[in-house]
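Worksheet: the structure to be examined is printed underneath.
The values are calculated or read from the model by the stated rules, or taken from the named source; none is laboratory data. Predicted model only: the values in this text are computed from it and were never measured. Glycine gets a Cβ as well: all are built from the backbone with ideal geometry, and neighbour counts include every protein chain shown. To get the accessible areas, we keep the full protein, side chains included, count just its heavy atoms, and leave off ligands, DNA and RNA. Shrake-Rupley method; radii C 1.70, N 1.55, O 1.52, S 1.80 Å.
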Amino acid sequence: MNYFVIGYYALLILGSCLAAYFQKRQAFLLLFSLTLASFIMGIVGGEPALWAVTVGAGLLALAGGVAYAFREFLVILLPTESAKAMRTAPLTAGFGLFVIFTYAVAGIFAPIIAPFGEAEIIASSFAPADEVMLLGADQLGRDMFSRIVYGARNTVGLALMATILAFLMGAIAGLLAATKGGKFDQFMGRLADVIMSIPSLIFALLLLSIFGTNIAIIVIIIALIYAPRVFRLARAVAGNVVVMDYIEAARLRGEGMWYLIRKEILPNSTAPLVAEFGLEFCFVFLLVAGLSFLGLGIQPPTADWGSMVRENATLISFGDITPLIPAGAIALLTVAVNFVVDWMLHRSSGLKE
Amino acid sequence: MGDVVRIVLTRLGLGLVTLLIISILIFGAVELLPGDVAEAVLGMGATEENVANWREKLGLNRPAPVRYLEWLAGAVTGDFGISYISESPVIEAIGPRFANTLFLALYAACIAVPIAIILGVLVALFRNTVFDRVANVLTLTSISSPEFFLGYILILYLSVKTGYFPAIAKLSDGMSFTETLHRTFLPALTMVLVVVAHMMRMTRATIINLLASPYIEMARLKGTPAWKVIVKHALPNSWAPIINVVALNLAYLITGVVLVEVVFVYPGIGQLLVDAVTKRDFPIVQACCLIFAATFILLNLAADVGAILTNPRLRHPK
C-alpha cells in the first residue's frame, strides 16, 4: 500500500459519498461501481491497473473539457438558429466536431504544419523521437509526424472523394427511382441488391486485382460498392415524400422531373441523407484504410495511414507503439464522425427511446 | 406447414439466383481485363509465342460463355481450376484454409453471441442511464476502429508486454485442441470486440423498439409482473430480430476475417485471397470471392428463414 493507492480509493469513496449525499443517483452508481471494479482490478493487475484507470479517467476528463469548450465556442460563433441546436448537443458530438475540425485543419494546411516533406528521408530507419522528430522516424527514416499530417490530406481526401462520388451516384439514382417508379425503379433495385450481396472488402479486392491500384480507380470502385446503400436510403426517404399532396400539386402544375427532385423532394429529405453521408464516410474510410493496410490502396511514397501501419508493424513486437499512431488516427476520426452522426440521427429521426 | 416450406423454398431459389448473378459478375470482371488474362499475367515482357501458348493452355481461344459454363460446372463440384502461380489445383490451397477460417469465425461467434445478446438486453432495460451512455460510447469506439488497430493493441498488451498469448497465430498439425484455442485467442478476441459492439447495438435497438409496442404497454397495464412481461410477451417476439442480428454478424465474421488474418498471420482463406490479389492469381481470387459471397448469402438466407420460422406473421405476406 502506498500513497497513490490510498489516495485513489479515498478519492473514489469520497466522490461516491458526495454523489450519494447530493442525490446524484447516476454519478453515484458510476463512481461506486468503479470503486468495486477497482478492487478486482487492483487485486488482479496491481498498481499499474489502477494507474491505467487514473490515466483513462484523466484523458476522458480532458476530452470532455475540450468538447465542452469547443461546443460553447461554436454556440457563440454560429448564428442563432444553429446555435440553439448546438447548445443541446451532447458532449460526444462536441468532441466529434472538434476532432473533425482538427483533422480538416491538418489536412488543408499540411505543407505548412509538417516540418518535413512526406517522402523526405531525414534520419536513419526507426530513429527514436527527439526534439526535431516528435514521433521518431519510420522504416525508411522519414519523419513520422510529418507523414501523419500529410496522411490527413491523402487518406481522408481519398475517402472523402469516394464518399462524395458514391453519394452523388446513389442519391441521384435513388431520387430518380422514387420519382419515376416502374421498370427503372425495379431494375436499379435489383442491381443494388446484387452489389450489396457481395461483401464490400471482397468485392473491392476482386476489382482492384483486375484494374490495378491507381487512385482514380480506387475512388471509382469504392464509390460503386457503396452507392447502393445510398440508393436504398435515398429511394426509401424520397418514396415517403413522393406520395405527399404537394408533390401531386406540383405534378398537376406540370413541373418537370428535375424541378420535382430539386425543389420539392430534396429539401424534404436532407436530414436523413446528411446523416447517411457521415455513416457512409465511416464505412468508406475504414475500407480505404483496410485496403491500404493490405498494400492495395494508395501507393508509396505517398503518406497514407493504412500503409504506415503495415510498414511499421514489425515495431510492435518490440513493444513500440509507433504503428498504433496512424491506426489510432484512423480510429479517432471514425469515432468522431460516428459521434456527430449519432447526434444528428437522434435529432432528425423518430428513434424510439 | 405447407406455406412455410413454400416460402423457404422461394427464398432459397432467390438466393441461388443471386449467387448465379454474382458468379457471372466474378467471372465477367476478369474478362474485363485490358487485353486478356494471358497478357495481363505474363506482363509486358512476354513474347508473342509465350502468350499464345498460355492462351492455348488456359483455353482462352474459346468464347467467354463456354468458359464460364465450364468454370461454373467445375466450381459446383469443387474444382476451381489450376492456380497460375503454383500450378496446382486451387481447391488444394483453399480447402484446409477455408476450414481454418471457419474455425476462427466459429470460435469468435461462440464467445461473442452470448455476451452480445445478454449485454444488449441489459443495456436496453437500463436505457438512458450512465451505463447505457458508457456502453454506447464504448461500442461506437469499437465499431469505428479498424480491425488492425484493435489487433495491434491486443498484441501489444496481451502478447508483447505480458506474454499471455502468442502474437502470431501459427497452426501446425497435431496441435491439441486447447493449444489451438490458445494460439488463436487473440485473432478471435479482435473479432469478438468488433462483433459484440455491432450485435449489442442492434439488440438494444430491437428490444427498445419492442418494448415500445402497444401490447407490452397493455400487458403492463394489466398488472403483469415485469419478468413475465419480458418472458411471455417480449421474448417470443424478439427471436426473429435477434436471429437476424446474429446471422448478419456471422456473415460479417466470415468476411471481416481478411484483415484480422493478415494482422495475425493466420493461415486462412482471407490471407490467401490477399496474396492472390497482389500476385494477380485470378483462379484463386475468383474462387475465394465466390466462396465468400456464397457464405454471405447463405447466412443472410438463414436470417430470413429463421425470421419466418419464429414469426408466424411473416408467413402471410400482405
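Annotation: amide H of B:I82 within the under-5 Å range of B:V90, sequence separation 5 or more or interchain, hydrogens built in the peptide plane.
Could you work out how far the C-alpha centroid of segment A:33-87 sits from that of segment A:226-243, in angstrom? If we compute the Cα centre of each part, the gap is 37 Å. Name the residue farthest towards the positive end of the dipole of the protein assembly as shown from the options B:P241, B:W71, A:L135, assuming +1 on Cβ of Lys and Arg, -1 on Cβ of Asp and Glu, about the Cα centre. Farthest along the dipole direction, towards plus: B:P241. Take each residue of peptide B:254-263, count the partner chain Cβ atoms within 10 Å of its Cβ, and average: the result is 4.
Peptide A:289-302 has a mean of 3 when you count, residue by residue, the C-beta atoms of other protein chains within 10 Å of its C-beta. Within the straight-line cut-off of under 20 Å between alpha carbons, the lysines reachable from B:K222 are B:K232, sequence neighbours fewer than 8 places apart in one chain being disregarded.
Overall size of segment B:81-196 from C-alpha positions, given as principal axis extents largest first: 60, 35, 25 Å. Legend: P(r) of segment A:126-181 from all alpha carbon pair distances, 5 Å bins from 0, whole percents, reading 4, 17, 14, 11, 10, 9, 7, 7, 6, 5, 5, 3, 1. In a simple Cβ point-charge model (Lys, Arg +1; Asp, Glu -1; nothing else charged), segment A:148-349 has a dipole of about 460 debye relative to its Cα centre.
The angle between the Cα long axis of helix B:2-31 and the longest principal axis of the Cα atoms of chain B comes to about 40 degrees, rounded to the nearest 10.
Exposure check, 1.4 Å probe, all protein chains in place: A:F22 carries approximately 130 Å² of accessible surface. Using only the Cα atoms of chain A, build the gyration tensor, take square roots of its eigenvalues as a ≥ b ≥ c, and label the shape rounded, prolate or oblate: rounded if a/c is under 1.5, else prolate if a/b is larger than b/c, else oblate. Verdict is oblate for chain A.
When the GluC sites (Glu not before Pro) in segment A:116-162 are filtered for DSSP coil states and for at most 16 other beta-carbon atoms within 10 Å of their beta-carbon, the remaining sites are A:E120, A:E131. One way to sum up the overall shape of segment A:79-224 is the equivalent ellipsoid from its Cα gyration tensor, whose semi-axes run 38, 26, 12 Å, largest first. A simple charge model with +1 on the Cβ of Lys and Arg, -1 on the Cβ of Asp and Glu and nothing else charged puts the dipole of segment B:214-318 at about 720 debye relative to its Cα centre. For segment B:71-128, the list of chymotrypsin sites (Phe, Trp or Tyr not before Pro) that fall in a loop by DSSP and count at most 14 other C-beta atoms within 10 angstrom reads B:F126. Across segment A:3-76, C-alpha contacts under 8 Å between residues 6 or more apart give a mean separation that, scaled by the residue count, equals a relative contact order of 23 percent.
Applying a DSSP loop filter and a limit of 16 other Cβ atoms within 10 Å to the chymotrypsin sites (Phe, Trp or Tyr not before Pro) in segment A:91-163 leaves A:F109.
Quick note on the protein assembly as shown: its Rg to Rh ratio, both from C-alpha atoms and Rh being the Kirkwood radius, is 0.97. Computed on the Cα atoms alone, the convex hull of chain B gives a volume of 191 cubic angstrom per residue. Binning all Cα-Cα separations of segment B:166-318 at 5 Å, short to long from zero, yields these whole-percent fractions: 1, 8, 13, 14, 14, 13, 11, 8, 7, 5, 3, 1, 0, 0. Expressed as a whole percent, the accessible surface of segment A:3-76 that belongs to carbon and sulfur atoms is 81, based on a 1.4 Å probe.
Considering only A:L287, A:I221, A:V156, the residue lying farthest towards the positive end of the dipole of segment A:148-349 is A:I221, judged by Cα position with unit charges set on Cβ.
When each of the peptides B:172-181, A:338-347, B:148-157 is scored by the mean number of other C-beta atoms lying within 10 Å of its residues, the order from highest to lowest reads B:148-157, A:338-347, B:172-181. Counting, for every residue in B:148-157, the Cβ atoms of other protein chains within 10 Å of its Cβ and taking the mean gives 6. Close amide H partners of A:L294, meaning residues 5 or more places away or on another chain with modelled amide H under 5 Å apart, do not exist here.
The Cα atoms of segment A:148-349 cover 71, 38, 25 Å along the three principal axes, with the biggest extent listed first.
Summary of the geometry: segment A:127-188 and segment B:131-197, compared by the centres of their Cα atoms, lie 27 Å apart. Convex hull of alpha carbon positions in segment A:1-158: directionally averaged projected area 14.5 nm².
A simple charge model with +1 on the Cβ of Lys and Arg, -1 on the Cβ of Asp and Glu and nothing else charged puts the dipole of the protein assembly as shown at about 2740 debye relative to its Cα centre.
Taking every pair of distinct Cα atoms and averaging 1/r, then inverting, what Kirkwood hydrodynamic radius in Å comes out for segment A:3-76? In segment A:3-76 this quantity evaluates to 13.7 Å. For chain B, the longest principal axis of the alpha carbon atoms and the long axis of helix B:269-279 meet at an angle near 40°. In the context of the full protein assembly, B:E92 retains an accessible surface of approximately 120 Å², using a probe radius of 1.4 Å and ignoring ligands and nucleic acids. Between chain B and chain A, the total buried accessible area stands at approximately 4100 Å², from heavy atoms with a 1.4 Å probe. Membrane-span-like helices in chain A, defined purely by DSSP H runs whose alpha carbon atoms cover 20 Å or more axially and whose average Kyte-Doolittle hydropathy reaches 0.5, are A:3-21, A:25-77, A:91-108, A:144-180, A:215-242, A:270-293, A:324-348.
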